[in-house]
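Okay, so here's the structure we're looking at.
The values are calculated or read from the model by the stated rules, or taken from the named source; none is laboratory data. Computed from a predicted model, the values in this text were never measured in an experiment. Please note: Cβ atoms are built from the backbone with ideal geometry, for glycine as well, and neighbour counts cover all protein chains shown.
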Amino acid sequence: MIRLSEIEDTQVLKGEMDTVRFQQMGDTDLKLLKPVTYELTVAKFDDTVAIDGPVNVAARLECGRCLEEFDIELALTLSIKLVPGTELTQSPEKELHGEDLDVYYYEGDEIDIDPFVYEEVMLNIPVRPLCSEACKGICPQCGKNRNTEKCDCPEAPSSLLGEKLKSFLN
Ligand SMILES: [Zn+2]
Ligand SMILES: [Zn+2]
């Protein structure tokens with residue numbers, strides 16, 4: 001939580017978000033191996049607030065191919081800008097979006113940082129994670145994890161071949 005009236009010029013904001021806090025922020029079943037940590041520099045120029053700094057995440061994900069769990073660590077950088085206003089006063093031209101920074105709106109004197117950290121993390125967690133690019137996945141026929149076990153199942157015929165075979169038999 002930042003209290004703008006307490007910031008002279010810049011302020012370094014260190015913090016962490018544990019699993020409980022993380023799940024409060026959104027509907028996520030992300031398994032954190034340790035709390036997400038951040039060290040953000042908050043800079044105030046008139047009414048504009050710029051927030052920049054590293055966010056570190058260690059999480060356990062499930063491979064989309066072999067369904068085994070594996071751990072990842074992400075070193076992210078949060079970089080946002082806030083201007084006074086509300087969603088309702090947002091101009092449709094979005095002229096502020098010309099810059100690389102994401103621009104958000106704040107009201108009053110307090111800004112809760114956690115939702116921004118949460119969003120940055122969730123945007124960077126792979127949607128379909130793979131334990132490795134070379135993961136061989138699970139055999140669709142016998143169900144063995146082909147990374148660790150060998151199976152002798154024949155390659156499934158492609159559907160195109162199946163179609164040809166069908167028309168041949170007819
Ligand atoms: Zn895998
Ligand atoms: Zn198999």
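What is the residue count in the range 61-86 for residues that are without any contact (Cβ under 8 Å) to a residue 60 or more places away in the chain and assigned to a strand (DSSP E or B)? Give the steps one after another, and end with the answer.
We begin by selecting, within the range 61-86, every residue without any contact (Cβ under 8 Å) to a residue 60 or more places away in the chain; these are 69, 71-86.
Add one more test, that the residue is assigned to a strand (DSSP E or B), and what stays is 69, 71-84.
So the answer is 15.
Here are some residues: Ala58, Ala50. Which one is assigned to a strand (DSSP E or B), surrounded by 14 or more Cβ atoms within 10 Å (Cβ to Cβ) and without any contact (Cβ under 8 Å) to a residue 40 or more places away in the chain? Before you say what the answer is, go through the steps one by one.
Values: Ala50 fails: without any contact (Cβ under 8 Å) to a residue 40 or more places away in the chain.
Only one candidate qualifies: Ala58.
Could you please find all residues in the range 27-47 being in a loop (DSSP other than H, G, I, E, B) and either of a type in the set (Lys, Arg) or surrounded by 12 or more Cβ atoms within 10 Å (Cβ to Cβ) (or both)?
So the first thing to find is which residues in the range 27-47 are in a loop (DSSP other than H, G, I, E, B), and the list is 27-30, 33-35, 46-47.
Those that are in a loop (DSSP other than H, G, I, E, B) and either of a type in the set (Lys, Arg) or surrounded by 12 or more Cβ atoms within 10 Å (Cβ to Cβ) (or both): Thr28, Leu30, Leu33, Lys34, Pro35.
For the range 1-23, which residues satisfy the criterion of being under 22 Å from Asn124 (Cβ atoms) and either surrounded by 12 or more Cβ atoms within 10 Å (Cβ to Cβ) or in contact (Cβ under 8 Å) with a residue 12 or more places away in the chain (or both)? Walk me through how you get there before you give the answer.
Within the range 1-23, the subset under 22 Å from Asn124 (Cβ atoms) is 13-23.
Passing the criteria: Leu13, Lys14, Gly15, Glu16, Met17, Asp18, Thr19, Arg21, Phe22, Gln23.
Evaluate the range 150-158: report whether one residue or more is modelled with pLDDT of 95 or more, over 16 Å from the mean Cα position of the chain (by Cα) and within 16 Å of ligand 1 (Cβ to nearest atom).
Applying the first criterion (modelled with pLDDT of 95 or more) to the range 150-158 yields none.
No, the range 150-158 has no match at all.
Being closer than 30 Å to Glu39 by Cβ, modelled with pLDDT under 90 and either within 16 Å of ligand 2 (Cβ to nearest atom) or hydrophobic (A, V, I, L, M, F, W, C) (or both) is the requirement here; does Val117 meet it?
Numbers: closer than 30 Å to Glu39 by Cβ: yes; modelled with pLDDT under 90: no; either within 16 Å of ligand 2 (Cβ to nearest atom) or hydrophobic (A, V, I, L, M, F, W, C) (or both): yes.
No: the conditions fail for Val117.
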